[in-house]
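Enquirer: One structure, as structure tokens, below. Some questions next.
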Amino acid sequence: MSVAQRVVVTLSDDIDGGEAAETVSFGLDGKSYEIDLNPANAKKLRTALEPFIEAGRKHSKSGKVYRHTPVAPDPAAVRAWARSHQMDVPARGRIPKKVYEAFAETS
């Protein structure tokens, strides 16, 4: 004779002790955390973290940081533009920041 068994897992909200609806994972200072929350507390957590998430950089699962970097204009185009506007720009090497800024203002 075979006996069937049913296991029911009930989550308790780690903040208020009531019934939780989900487990939320997050990280801080290089450590990962999980917390069981009801919908209202999960929303509070996400709302509180939202400005930090928006300003932060995402990590891949491999630990690499994804950075949002602006695409710099082609240096040759910047040099040509600067010369056409009688700006001092070296023929080779680093282009001064003020030249890039002036170029960006016209774009």
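We did not get these values from a lab; they are worked out from the coordinates using the rules stated. Not measured: the values here are computed from a predicted model.
Enquirer: Using C-alpha positions alone, give me the convex hull volume of the chain per residue in cubic angstrom.
Expert: 229
Enquirer: Using the Cα atoms of the stretch 1-59 to build a convex hull, what is its mean projected area in square nanometres?
Expert: If you wrap the Cα atoms of the stretch 1-59 in a convex hull and average its projections, you get 6.5 nm².
Enquirer: If you line up the long axis of helix 97-106 against the longest principal axis of the chain, both from Cα atoms, how many degrees apart are they, to the nearest 10?
Expert: Its long axis makes an angle of about 80 degrees.
Enquirer: Would you calculate a helix-derived [θ] at 222 nm for the chain, using -39,500 (n - 2.57) for each DSSP H run of n ≥ 4 and dividing by the full residue count, to the nearest 500?
Expert: Result for the chain: -11000 deg cm²/dmol, rounded to the nearest 500.
Enquirer: Under 5 Å between amide hydrogens, which residues at least 5 positions from residue 12 or on another chain qualify, with H placed 1.01 Å from N in the peptide plane?
Expert: Those qualifying (amide H under 5 Å, at least 5 residues apart or on another chain) are 20.
Enquirer: Per 0.36 nm of contour for each residue apart, how much would the distance between residue 3 and residue 40 grow if the chain were fully extended, relative to their Cα-Cα spacing?
Expert: Result for the pair: 9.4 nm of gain on full extension.
Enquirer: Return the sequence-ordered ³J(HN,Hα) values of the stretch 72-79 in whole Hz as given by the Karplus equation 6.51 cos²θ - 1.76 cosθ + 1.60 applied to θ = phi - 60°, using x for Gly and Pro.
Expert: Values per residue, Gly and Pro as x: 6, x, 4, x, 4, 5, 5, 4 Hz.
Enquirer: By how many nm would the segment from residue 11 to residue 104 grow when fully extended, if each residue of separation counts as 0.36 nm and the alpha-carbon distance is taken off?
Expert: Contour length minus Cα-Cα distance gives 28.1 nm.
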